[in-house]
Amino acid sequence: MALDYRKCAEEISANIGGGSNVISAAHCATRLRLVIADNGKVNKAALENVDGVKGMFESNGQLQLIIGTGTVNKVYDEFLAVTGVSAASKDDVKAAAVSKMPWWKKILKTPGDIFVPILPAIVASGLMMGIVEAIPKFAPAFGQSDWFSFLDLVANTAFALLPVLVAISSARVFKGNIFLGAVIGLMMVHPALINAWTVSNYAAGEIPTWHLFFFNVQQVGYQGHVIPVILAVLLMSKLENWLHKHVPEMIDLFVTPLTTVLVTAFVTFTIIGPVFSVFENWVLDGAKWLITVGYGIGAAIMGAIYPWTVVMGLHHMYNVIEAGMISSTGVNTWMPIASAANFAQFGACLAVAVKVHNQKTRSVAFPSSLSASLGITEPAIFGINFRFMKPFICGMIGGAVGAWFAAVIPHGTNAAGETVAFGATTYGVTGIPGIPAVNNTVMYIIELLIAAGVAFALTMVIWKEEQPAAAPVPADVAEAAKEHVPLEIPTTSVIRCAAGTVLQPVKGNVIAREAIPDDTFASGVLGDGVGIEPTDETVVAPFDGVISSVAESQHAVGIEANGMELLIHVGVDTVNMQGEGFTCLVNEGDEVKAGQPLIRFDREKIKAAGYSDTVAVLLTNSDDLEGVECGAAG
Amino acid sequence: MKSFEYTITDPVGIHARPAGVLVKEIKKYASTVTVIKGEKSVNALKLMALMGMGIKQGDTVKVTIEGADEEAAAAEIEAFFKANL
C-alpha cells in the first residue's frame, strides 16, 4: 500500500494549526522534525492517527513525527509545498528550538555550552592540581622540591589563565572571532595587571589605578573569573558582528577588529569589571554576615549557595575572609563550610559517575569527582553537576547539611592544646587535603562523609540520565544531533558474553529460554537466550548496534553489534497477526542506541488474537560466541 | 556447485522459526549454502540475513550448495525445503 504523501502532509498540516504555526521544519532519516509556535494548536491525538505517521513525540522543543526511511523525505517535500514553510537544516531547527526555550533556561545553558569544549583542559588540570597540591600537606618536604614547583606550574596553567580558555570558547558560542576572543581573555590576565589571586595582599591605596575619563580603574586582572569574561566576550561578539554589517567592506578588515577590541577593552575595565567587583564585595560582605547567623543556620545557607559562587568565579575572594579569621582568632571557621560544599559536589558527581550509562559522561565524571574530593570542584561543577542541574542541587543540599554539622561541632584543639572553635589553621584547602589543616580531624572526616553522603544519596535517587542532547560532551554532539529521543536505558541485563552485554529490551519478568511457550524458541534452535513476560509495550534496543532485519509483520527485529546477532521476537506465533498491533519504529540498516524504542506492541491485541505475548530474546549465533550466560542480572 | 530452485509454500515464509530450523539443518554440512532471491543472496547460515530477505509464501528462491559434501547435501537440503518450507 503506497502512502499518499500529499494527503499525509495535508493532514499533518491541518493538525498542527497550518503553516503559519510552524517556525521551522526539517527531517532526518525517519522523522519529520517541526518547531511549532503555539503547541495549543497541535491536535496530538489526530496526528497519531494520520495515515503514514507511525508515532510522535516531543523533545527539546521539537515535535517529531516518525514517518520512516524513504518516505519521510517525500512527505517533507509535500509538507513544504502544502504549508509554504521554507526548508530548514537540522541546525536551524535546533537553533529555533533553543530560541523557544525560556530566557532563564538559555542563560543557564550558556555556561554549559562554553565549558563543555574546554572540559578536557580543566579536568586534566583540576585533577593534577588537586593531587600536586595535596601531597605537601602530608609530606611537607615535597613542597620544597623542584618537582613540586614544576608539576604545580603544569597543573595550574589552565586555572591560572582560565579566562583565556573561557574567552575563546565564549567567542565560539557567541559567534565572534575566536582570536579576538583570545585577545580579550589574554588582556584580562595580562601580566602587567595585579593578579586577582594576590590582590588581597595589597592595601587599598597601594593598588595602581588608571584614570580614564571620569573612571578610576584599578589595574587588577581577572584570574579565576568566569562571568566578567563571558560578558566581555558577549559584548565583543555582538559589537564585531554589528560592525561587520555596517562598516564598508573596503575598510572592514582593519576598522572592525580595532574598534571591537578597543571598545570591548574599555567597557570591560571601566564598567563590566567595576560593576562586577561591587557585586563581589556584596557577596563577600553577605557571606561574612551569613556565617554569624546562629544555630548553624547561616553556615547551612552558605554551604548551599557556595557552589553558585564557584559558578560565578567568586570563590577565590574567600581567601580574604579566611585570612582575616586566622589573623584575628587563629581559627578559620570558614574552611569547614567551604569543605562541606565542595565535598558535596564530589558526592553528587560521583553519583553521576556511578549511575550514568553514557560512557563519555562517565569518563568525565570519574576524574572530575576525584578532583573535587581534593578541593578543585570546577571540573565536577561545570563538567557534570551544573550541566545536569539536579546533581548540582543535590550537592547544595549535601553542602548545607555538612556545613550545618560543622557549625554545631562544639570545638577543636589548637597547637597549644587549648579548646577553640572548630576550624582550620590554614586557608585555601578543602576536601581531603584539608585533613591535616583542621583542629578536630575526626569531626572533620565525619563532616565530609555527611556532606558527600547526602549529596551522593540524593543524586542517586533524584537524578535520572537525560537524553544525550541535553548533555553534549563534544564528540557526542553529532550523535546527539541525530537522536533526540529521551532514552530510558534499561538497568538489567539478560544475556552476557565475551562480545558484550544484552540489556533487558522490555520491562517484565525474565524467564529461562526453556520456559518460552514455543518449542522452537525453547529448544534453542534459534540460539540461546531468555524469554520475557512483558509488563510494558515497548521493545528498546538492548545495546548500541545496527538493525539487521525487520520482520514484514513488524513483530520481530534483529540487531547486531560486535559480532553479536540478536533476535527480539514479540509473542509466539504473532507472525500470523500480520502486523496488526505492532509498530516497528526502525528500519533495516538503522543505527540505534541502547534504550532507543524499536517496536511498540499492543498486549491486549496479542491476547485477543489468542497468542502468548512472551518476548523471545535470542542470540542467534550463540554457538559462535564465547562465555554466553543467560538470565536476568542487575 | 549444485543448485536448485524452490517455491516457498510455508504461509509465513522464511520467518524466524523456519529460518532457525533451516540454519540448523544446513549446519550439518560442510558445504557453503547460499539462498538467492532476485538480486539478494545470503549465506544460509546467517539467520538474521536470511530473515532480512523477507522471503514470503509464493516466492521462488534459488539455493546453491558448494563444497566437499555438496552432492549429498544438495539432495538432502532440497528434501528439507520441500518438507519444511
Point to revise | Which numbered condition A:Ile462 misses (of (1) buried (at least 17 other Cβ atoms within 10 Å of the Cβ); (2) within 24 Å of the chain's Cα centre (by Cα); (3) at pLDDT 85 or above) | key: (1)
Check your understanding: Among the residues of segment A:44-54 satisfying the criterion of being surrounded by 13 or more Cβ atoms within 10 Å (Cβ to Cβ) and of a type outside the set (A, V, I, L, M, F, W, C), which is nearest to A:Asn15 (Cα to Cα)?
Key -> A:Lys44
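So is A:Gly399 part of a helix (DSSP H, G or I) and under 17 Å from A:Val293 (Cα atoms) or not?
On the way: part of a helix (DSSP H, G or I): yes; under 17 Å from A:Val293 (Cα atoms): yes.
Yes: the conditions hold for A:Gly399.
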Revision key, fill the gap. The residue from A:Phe214, A:Phe179 that alone is aromatic (Phe, Trp, Tyr), at pLDDT below 85 and either in contact with a His (Cβ under 8 Å, 6 or more places away or on another chain) or exposed (fewer than 12 other Cβ atoms within 10 Å of the Cβ) (or both) is A:Phe214
Check your understanding: Across segment B:53-77, which residue is farthest from A:His555 (Cα to Cα) among those that are within 14 Å of chain A (Cβ to nearest Cβ) and not small (Gly, Ala, Ser)?
Key -> B:Asp59
Review point. Out of all the residues in segment A:510-541, which are more than 13 Å from chain B (Cβ to nearest Cβ), assigned to a strand (DSSP E or B) and within 36 Å of the chain's Cα centre (by Cα)?
Key: A:Val510, A:Val530, A:Gly531, A:Ile532, A:Glu533, A:Pro534, A:Thr538, A:Val539, A:Val540
Check your understanding: Could you list, in sequence order, the residues of segment B:12-52 that are within 14 Å of another protein chain (Cβ to nearest Cβ) and charged (D, E, K, R)?
Key -> B:Arg17, B:Lys24, B:Glu25, B:Lys27, B:Lys28, B:Lys37, B:Lys40, B:Lys46
Exercise for review: Just need a number here: residues in segment A:542-581 that are at the interface with chain B (Cβ under 10 Å from one of its Cβ atoms), out of contact with any Ser or Thr (no Cβ under 6 Å at 6 or more places or on another chain) and part of a loop (DSSP other than H, G, I, E, B).
Suggested key: 4
Point to revise | Selection within segment B:34-70 - polar (S, T, N, Q) and over 10 Å from the mean Cα position of the chain (by Cα) | key: B:Ser41, B:Gln57, B:Thr60
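Quick check on segment A:222-236. Is at least one of its residues among the aliphatic types (A, V, I, L, M), modelled with pLDDT of 85 or more and surrounded by fewer than 18 Cβ atoms within 10 Å (Cβ to Cβ)?
Of all residues in segment A:222-236, those among the aliphatic types (A, V, I, L, M) come to A:226-227, A:229-236.
When the remaining residues are screened for being modelled with pLDDT of 85 or more, the result is A:229-236.
Cutting the leftovers down to surrounded by fewer than 18 Cβ atoms within 10 Å (Cβ to Cβ) gives us none.
Checked segment A:222-236: no residue is among the aliphatic types (A, V, I, L, M), modelled with pLDDT of 85 or more and surrounded by fewer than 18 Cβ atoms within 10 Å (Cβ to Cβ).
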Review point. Restricting the first residue to segment B:56-78 and requiring it to be farther than 20 Å from B:Val21 by Cβ, which pairs with a second residue that is assigned to a helix (DSSP H, G or I) meet a Cβ separation below 9 Å and a spacing of at least six or different chains?
Key: B:Gly67/B:Ala73
Exercise for review: Give segment A:412-459 a look and list any residue that's assigned to a loop (DSSP other than H, G, I, E, B), buried (at least 21 other Cβ atoms within 10 Å of the Cβ) and either among the hydrophobic types (A, V, I, L, M, F, W, C) or free of Cβ contacts under 8 Å to residues at least 24 places away in the same chain (or both), or say none.
Suggested key: A:Phe422, A:Val429
Point to revise | Enumeration of residues in segment A:591-622 that are polar (S, T, N, Q) and in a strand (DSSP E or B) | key: none
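Go through segment B:1-11 and report how many residues are touching a helix residue (DSSP H, G or I) at 6+ places or on another chain (Cβ under 6 Å) and more than 13 Å from chain A (Cβ to nearest Cβ).
We begin by selecting, within segment B:1-11, every residue touching a helix residue (DSSP H, G or I) at 6+ places or on another chain (Cβ under 6 Å); these are B:2, B:4, B:6, B:10.
Next, from what is left, pick out any that are more than 13 Å from chain A (Cβ to nearest Cβ): B:2, B:4, B:6.
Counting residues in segment B:1-11 that are touching a helix residue (DSSP H, G or I) at 6+ places or on another chain (Cβ under 6 Å) and more than 13 Å from chain A (Cβ to nearest Cβ) gives 3.
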Check your understanding: Checking A:Ser612 against (1) buried (at least 24 other Cβ atoms within 10 Å of the Cβ); (2) more than 10 Å from chain B (Cβ to nearest Cβ); (3) of a type in the set (Ser, Thr, Tyr), which test does it fail?
Key -> (1)
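Part of a helix (DSSP H, G or I), surrounded by fewer than 24 Cβ atoms within 10 Å (Cβ to Cβ), assigned by TED's automatic domain parsing to the domain that holds A:Met302 and modelled with pLDDT of 85 or more: does that describe A:Ala323? Full working, then the answer.
On the way: part of a helix (DSSP H, G or I): yes; surrounded by fewer than 24 Cβ atoms within 10 Å (Cβ to Cβ): yes; assigned by TED's automatic domain parsing to the domain that holds A:Met302: yes; modelled with pLDDT of 85 or more: no.
No.
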Review point. Where in segment A:248-318 are there helices (runs of 4 or more DSSP H), lying wholly inside it, with at least 3 residues that are more than 30 Å from A:Arg387 (Cβ to Cβ)?
Key: A:249-267, A:273-290
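The values are calculated or read from the model by the stated rules, or taken from the named source; none is laboratory data. Predicted model, so just to flag it, every value in this text is computed and none were measured. Ideal geometry is used to build each Cβ from the backbone, glycine not excepted, and the neighbour counts take in all protein chains shown.
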